[in-house]
Protein chains: 2
Amino acid sequence: MPPRARRWNGWGFDGEAMAVPSRAAAWLASRAPAGVPLVPVDEAACEVGEARPLPPLPGAVAGDRASRLRHACGQSFPDLVALRTGRPLACPDAVVEPEDAAQVAAVLEAAVRHRIAVIVRGGGTSVVGGVTVPPRPDPVVVLSLARLRGLVDLDRQSLLATFLAGTTGPEVEAALGAAGLRLGHEPQSFELSTVGGWVATRSAGVRSNGVGTIDGLVAGAELATARGAWRLAPQPASAAGPELRRLVLGSEGRLGIITAATLRVRARPEAEHGTVVVLPGWGDGLACCRELVQSGVPHEIMRLSDPTETAFGTTLVELSPLVARASRALFGSRRFAEGCVLLLGWAGTDREIGRARTAARRVWRRHGGLGVGSSGWRRWLRDRFRHPYLRDALISAGWGVDTLETAAPWRELAALHAAVRGALERAAAGRGFEIVLLCHVSHAYRDGASLYFTVFWPLRPGRELADWRELKRAATATLLAGGGTLSHHHGVGTMHAPFLPREIGAPGVAVLRAAVRALDPDGVLNPGVLLVDEPLSRATDHGPRITSGEEA
Amino acid sequence: MPPRARRWNGWGFDGEAMAVPSRAAAWLASRAPAGVPLVPVDEAACEVGEARPLPPLPGAVAGDRASRLRHACGQSFPDLVALRTGRPLACPDAVVEPEDAAQVAAVLEAAVRHRIAVIVRGGGTSVVGGVTVPPRPDPVVVLSLARLRGLVDLDRQSLLATFLAGTTGPEVEAALGAAGLRLGHEPQSFELSTVGGWVATRSAGVRSNGVGTIDGLVAGAELATARGAWRLAPQPASAAGPELRRLVLGSEGRLGIITAATLRVRARPEAEHGTVVVLPGWGDGLACCRELVQSGVPHEIMRLSDPTETAFGTTLVELSPLVARASRALFGSRRFAEGCVLLLGWAGTDREIGRARTAARRVWRRHGGLGVGSSGWRRWLRDRFRHPYLRDALISAGWGVDTLETAAPWRELAALHAAVRGALERAAAGRGFEIVLLCHVSHAYRDGASLYFTVFWPLRPGRELADWRELKRAATATLLAGGGTLSHHHGVGTMHAPFLPREIGAPGVAVLRAAVRALDPDGVLNPGVLLVDEPLSRATDHGPRITSGEEA
C-alpha cells in the first residue's frame, strides 16, 4: 500500500482537514479578535532556488523542484509561515532515499567525504525546527528514511519487536496487531511520524501513563555513524557503564542516523474504556491526577484540561440540544464555573478496567469530581489525530497558533502554569495584542507531570514571525526559570537549541558536544539541531578531525 | 550516631559474621573438595609503602597507615586476596574527607592542578575493582564521601528526596521513615553502600521488580566536575536532548564526583508479605517468572534459584526435624528432583497483597509450582544482608568465591545459563579442579531478566588469582557472546573495563571517552575505571588538554 499523499504546506494528508467551528471562532474572537489570515500561495509560486551541484550519491536521489520543496522543513510555526508565503528559508539540493542501512551508511560516508550537510528526516513532523533545512553556503541534502520500513524481528518470548526506522505508527501497530500485540505509543503525530523520529526526539504518546514514553520502550537500536555502524543490542537492564541507548534517545540525528530500533511491546488488551470527569478547579484537577498516579491506580490515558481549555473544548464539538443544555448548566453552576475536564482511559480485561475505574472514582470524588459519562471520551479518542489540522484552519482564519510544552515536579506545577500565562500575556500586551492560552496535563509521573500550552494570537501582516518569536522567547525563559524542562516531548530542534545550555549547564553542553564530535567529527549531521553550531564550512577549516582547541 | 567500625580485610562490620554450616561445607566438599584456606595476616603485617609527598589539600586529610590501608581497595576477590595476604597492590598516599560539596570541588581543583589521581569512594563495596587504588608512579588520594551524609530536601508533594552522596542505605530509610516514606532500594550492600555509589554504578536492589532499579529512582543529581559544578535539576521526564542523568548513572566517578542526588520516594506500605514456591525445574521457573512480569501481576520481590542454588540453600538453614523431613521428601520426589525455589514478596495494603498473591498463585500453579509457606521467605528477608559475610568464611575454609551477573532478553536466558556453566566447568577442568556454580534470577523485566551466578572453587596456594582470572575470563567472554550484558548491577570498575568495548562497540567507546575527556581533560578521576586508560603521566605529557590524536 503506497503511503497517502502528504499536504505540501501544512499538517497531515491531502484531503484531510478540520474546519474551525463557528462557535469556536466566536469564542476565540471574544477573547482575542482574529488578525489577518495568512492565505497560502500556490506551490508553483514558491521560491525554490537553484540546486547546487552534488557528487553522485548512493540510493534514490531526487533533485526535482517538488521533492526539494516538500522536504525543506517541518511543521513549526515558522515553517508554516515560510510555506504559506512561498518563501521557504532554504531547500535541500537533493532528497536521498536509501533502500537499507548499508545505503544509509554509504550516503553518510559520501557526505563526510564531500562535506555535504545531511538533514535526517523521518515523518517530517518536527514542530521545533528539527528537520528545517538551514541556509548554508555549502550543499545540503535531506536523507529521508521513507524506504526503511517494516518489522524485521519479533521475539515473542521477550516481547521485543525490531522495526526499521522509517516505519510509521499505523504500520507498527498493523504489524504487531497481526501477532496479537501492540506498542501503544501514540503521539499526536502517530499517523505520520516514525520509529526513528520517536527515538531521536524522545517522543511521548497519549497512553504514556500506561505504557511509558519512548524512553522506556526502546530496548536496543542500530545507527549508521560517521565512525561506522553502531549496534546497541537489546537488554532489559544493565550496569555496564552509562546507558548509551539513552544518549541515542534525544540525540536528534547528531550522533548518527538511527536505522532500526528494538521496541518493548505487549499483548493487545481485551478491552478499552474511558470516562470524562469534571473537577471544580485546576488545583483540584492537579491534586486528583497526582493522587491517581502516586497511589498507583492503574490507568492508561490521563488528560486534564485547565478551565480555559475546558471552555474552548466545549466550542469544538457539536452536542445534542439536551447535552448542550446539561453542559451549560454544569459549567454555569457556581461549583463548576472554573471546571476542568479530566479524561481517563483504561485498557485490560473488563474486570481489570472495572476495578481500576472504581478505584479512580474514589479518588476523583475525594477531589470534588463528577463523572459525566464516556461519550466525550469516545469522541476525543476518535478525533485525537485530527486536532492538529485545526491549526492550519486557524491560521487561515487569522490566528497564529503555537504549542509549548514542559514537565516539572508537582510542587512547581501550579506556579509554573500561572507564570507562563503571565509571561505570555505581558509579552502580547507589550506588542499590543491579546492572546488566548489553553493548557493541559497529558503525561503524569509519580514525581511530576507535563504541561502542554496552546497559544492563539491575532496574525499581523509582516509581523507574524516577530510576534511569534517574542511569545516563544517569553514563554521559554519563564518555564526554564520556573523549574520546567525545555520540552517534555517535542524535542530541541534548532528552535530550542539556544536555550538548552540554560537547562543542562556548561558541563552538559561540553559532554553533548564532545559526544557529537566523537561520532561526527566533521559535523555533517543535522548541523544546528540540539546544539548551536558554527557553520559547517568553519568547522571543517580545521581539518577532518576536530581539535581540542574548540572544546574550550 | 557514629558509623559502626568496618572490618578492615573483608565484608561488613567488625563483630558480624556468618559461619559455614557443617552441612553446607559437606555438600560443597562432595562436589568440589576444599583447597587450602587463605588465612588472613594481621593488619600490622600488611605491606604499606611510604606515602608520596602531597601538596596541602582542603578538608580532613588522613595520611596514617591504617587509613591508607583501609581505603586501598574494595571487596572484589583480588581485593580480598590482597588484604588477606597483606600485599595490597597499592595504597593511597592520603585519604581526604571533604565536609561539603564546596570542599569536594576544592579537592578536585587541587588534584587537577597538581596532577593527583583521585579515587572516589562511597561505601567501598565495589566487587569489580571500582575503588581499588591503582599502582601508579604519581600520587593517588582516596576521596571519601563519608562526611557528606543526610537528607537535604524533602518535597512531599512530588515525593522527591535529596540526599548527600555519602548517605548509606539505613540512613536513607531512617530519614524517610520518619516522614512515613521509603525509597525501597535495597542492594545486598544496603548497610554499607551509599546514594552516590548507587548512582555511580547503576545499582539494583532486591525490591527492584516493585520499585525499579536506581536508574528509575534518580530524578536529579549534583556533581563536582573538573569543569565546575553540574546540577541536573529533578525532572519527571524531558525531551530536551539526551537524558544526561543517564550519563551520570553508571559513570563510576569518571565524569565528576556525585555530591547529591534527588531520589523518587514513595509511601511506606502498610504491610509486607512473601511466600516460597517450589517449581519442578529451571525452565518452569523461568517461564513462571516471565508470565508474572509480562502479565503485570504486582509483586515487589522475585528470586528464583536454579536447582543447584536451591540444593545449596537447604544446607544453609537449620530446619526443625519435621520441616527437614518434609523438605527431603519434596526434593526427593521425582517431580521436584530438579526443584527450583522461587521467593515472591509483596508490599501494600493487606487487600492488595491478598489479590496479588491470588493472581500469582494462579500463575505458579499453571507452571507446576507448589506454595510451601512463608517461613522460608521471612528467614531470607531477615538474613539477606548477612549472606555476603559467608564469602569470607568460605575463603577461610579453602574455597574461592566469586559472583558474576548479567541480564539478557528472556529468549536468550536459558541458553546463557547453560553456556556460562559449560564455560566455567571447562575452564576449571583445564586447570585441574572442579567448581560448584549456583545461579538465581533476582531482577525481572517484561523483556528479560538478570542472572546472578556464584562460583566456588578450591583455593590453591599461590594460584588463587590465576585460577580466579581464568574463571572470570571464561565466564565474561561467554556471557557477552550469548547476548548478556557485562553486568546487571555490579558495574564495570577496572575489572570489566577491558571487556566493555565488546559490549558497546567502537562508537560507544568513542562517545564515552569523549564525555570523560570533556569533563575531566586531565584524567585525574578514577583512572582505569570504566575505560582502560593510559597512565595519568602519559596522558598529561600532552599538556593540560587532551588532543584529538588520542581519540583515534
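The values are calculated or read from the model by the stated rules, or taken from the named source; none is laboratory data. These numbers were taken from a predicted model, which means no experiment stands behind them. Cβ atoms come from the backbone with ideal geometry, glycine included; neighbour counts cover every protein chain shown. When the accessible area is computed, the model is the full protein with side chains, heavy atoms only, and any ligands, DNA or RNA have been set aside. Shrake-Rupley method; radii C 1.70, N 1.55, O 1.52, S 1.80 Å.
Using the C-alpha gyration tensor of chain A, what are the square roots of 5 times its eigenvalues, in whole angstrom, with the largest one first?
38, 28, 22
Helix-derived [θ] at 222 nm for the protein assembly as shown: sum -39500 (n - 2.57) over DSSP H runs of at least 4, divide by residue count, nearest 500? Present the calculation step by step, with values, prior to reporting the outcome.
Numbers: 38 runs with 406 residues, N = 1104.
The helix-only estimate for the protein assembly as shown comes to -11000 deg cm²/dmol at 222 nm.
Leaving ligands and nucleic acids out of the surface, order A:VAL112, B:VAL39, A:VAL199 by accessible area at 1.4 Å, largest first. All intermediate terms of the calculation are to be shown ahead of the outcome.
Numbers: A:VAL112 35, B:VAL39 110, A:VAL199 0 Å².
Putting A:VAL112, B:VAL39, A:VAL199 in descending order of accessible area: B:VAL39, A:VAL112, A:VAL199.
Going by amide H atoms built from the backbone, whose H comes under 5 Å of the H on B:ARG6, apart from near neighbours?
B:ASP14
Measuring label to label, 7 Å along Cα→Cβ, what does A:LEU330 give against each other copy in nm, shortest first?
So the label point of A:LEU330 gives 5.5 nm to the other copies.
Defining a contact as two alpha carbons under 8 Å apart and six or more residues distant in sequence, what relative contact order in percent does region A:1-154 show?
Contact order relative to length: 24 percent.
If the label for B:ALA45 sits 7 angstrom from Cα along the Cα-to-Cβ line, what are its distances to the same label in every other copy, in nm to one decimal, shortest first?
List, nearest first: 9.6 nm.
For the protein assembly as shown, would you read off the P(r) tail past 42 Å as a percentage of all alpha carbon pairs?
Taking all Cα-Cα pairs of the protein assembly as shown, the fraction more than 42 Å apart is 42 percent.
Hey, what do the phi angles of region B:447-463 turn into as Karplus ³J(HN,Hα) couplings, whole Hz, using 6.51/-1.76/1.60 and θ = phi - 60°, x for Gly and Pro?
9, x, 7, 8, 10, 10, 9, 10, 10, 10, 8, x, 6, 10, x, x, 10
What does the C-alpha gyration tensor say about the overall shape of region B:279-387? Classify as rounded when a/c is under 1.5, otherwise prolate if a/b is larger than b/c, or oblate.
Here region B:279-387 falls in the oblate category.
Tell me the accessible surface of A:TYR445 in square angstrom (1.4 angstrom probe, heavy atoms of protein chains only), to the nearest ten.
Estimated to the nearest 10 Å², A:TYR445 gives 40 Å².
Let me cross-check B:VAL532: its accessible surface, 1.4 Å probe, with only protein heavy atoms counted, in Å² to the nearest 10?
Roll a 1.4 Å probe over it and B:VAL532 shows about 80 Å².
Taking Cα centroids, how far is region A:356-398 from region B:449-526 in Å?
50
Using each residue's phi in region A:161-174, evaluate 6.51 cos²θ - 1.76 cosθ + 1.60 at θ = phi - 60° and report the 3J(HN,Hα) Karplus result to the nearest Hz, with x for Gly and Pro.
10, 9, 10, 5, 5, x, 5, 8, x, x, 5, 4, 6, 5
Could you compute the net charge surrounding B:LEU69? Neighbours are other residues with a C-beta less than 10 Å from the C-beta of B:LEU69; K and R count +1, D and E count -1.
That works out to 0.
Provide, for q = 0.14, 0.19 Å⁻¹, the log10 of I(q)/I(0) from a solvent-free Debye sum over equal Cα point scatterers in region A:1-118.
-0.75, -1.12
Taking amide H atoms as placed 1.01 Å from N in the peptide plane, list the residues 5 or more away in sequence, or in a different chain, whose amide H sits under 5 Å from that of A:HIS489.
Amide H to amide H, under 5 Å and 5 or more residues apart or across chains, A:HIS489 pairs with B:ALA239.
Order of B:351-364, A:400-413, B:118-131, A:179-192 by packing, highest average Cβ count within 10 Å first?
With the highest mean Cβ count within 10 Å placed first, the list reads B:118-131, A:400-413, A:179-192, B:351-364.
Please compute the contact order of chain B in relative form: average sequence separation of alpha-carbon pairs under 8 Å and at least six residues apart, divided by the residue count, as a percent.
Details: 1140 pairs, mean separation 97.5, N = 552.
Relative contact order for chain B comes out at 18 percent.
Provide a whole-number value for the mean count of partner chain Cβ atoms within 10 Å of the Cβ atoms in peptide A:447-455.
Working: counts 15, 11, 3, 4, 0, 0, 0, 0, 0.
Across the residues of A:447-455, the mean count of other-chain Cβ atoms within 10 Å is 4.
Under a no-solvent Debye model with one identical scatterer per Cα of region A:212-368, what's log10 I(q)/I(0) at q = 0.16 Å⁻¹?
Log10 I(q)/I(0), no solvent term: -0.95.
Expressed as a whole number of Å, what is the distance separating the alpha-carbon centroids of region B:99-130 and region A:215-273?
Here the answer is 33 Å between Cα centres.
Indicate the gyration tensor shape class of region A:439-532 (rounded, prolate or oblate), computed on the Cα atoms with a ≥ b ≥ c the square roots of the eigenvalues: a/c under 1.5 is rounded; otherwise a/b larger than b/c is prolate and the rest oblate. Mind dumping the intermediate values first?
Numbers: a/c = 2.30, a/b = 1.31, b/c = 1.76.
In terms of gyration-tensor shape, oblate.
Find every distance from the label point of B:ALA26 to the corresponding label point in the other copies (7 Å from Cα along Cα→Cβ) and write them in nm, one decimal, shortest first.
Counterpart label points of B:ALA26 in the remaining copies fall at 9.3 nm.
In peptide A:404-417, what is the residue-averaged number of other protein chain Cβ atoms found within 10 Å of each Cβ?
4
Whole-Hz Karplus ³J(HN,Hα) for region A:46-54, in order, using 6.51 cos²θ - 1.76 cosθ + 1.60 and θ = phi - 60°, x for Gly and Pro?
Result, ordered by residue: 6, 7, 10, x, 4, 6, 6, x, 10 Hz.
I need the shape label for region B:55-153. Rule: rounded when a/c is under 1.5, else prolate if a/b > b/c, else oblate, with a, b, c from the alpha carbon gyration tensor.
Values: a/c = 2.07, a/b = 1.37, b/c = 1.51.
Cα axes put region B:55-153 in the oblate bin.
Just want to confirm a number: the relative contact order over region A:74-158, from Cα pairs under 8 angstrom separated by 6+ residues, in percent.
Numbers: 108 pairs, mean separation 35.7, N = 85.
That works out to 42 percent.
With Cβ to Cβ distances under 12 Å as the rule, what net charge do the other residues near A:GLY281 carry (K, R +1; D, E -1)?
Counting the neighbours of A:GLY281, the net charge comes to -1.
What does the charge count around B:LEU381 come to, taking other residues whose C-beta lies under 13 Å from its C-beta (Lys +1, Arg +1, Asp -1, Glu -1)?
Surrounding charge for B:LEU381 is +3.
Quick one: buried accessible area between A and B, total over both chains, 1.4 angstrom probe, nearest 100 Å²? Mind dumping the intermediate values first?
On the way: alone 22800 and 22730 Å², together 39460 Å².
For A against B, buried area totals roughly 6100 Å².
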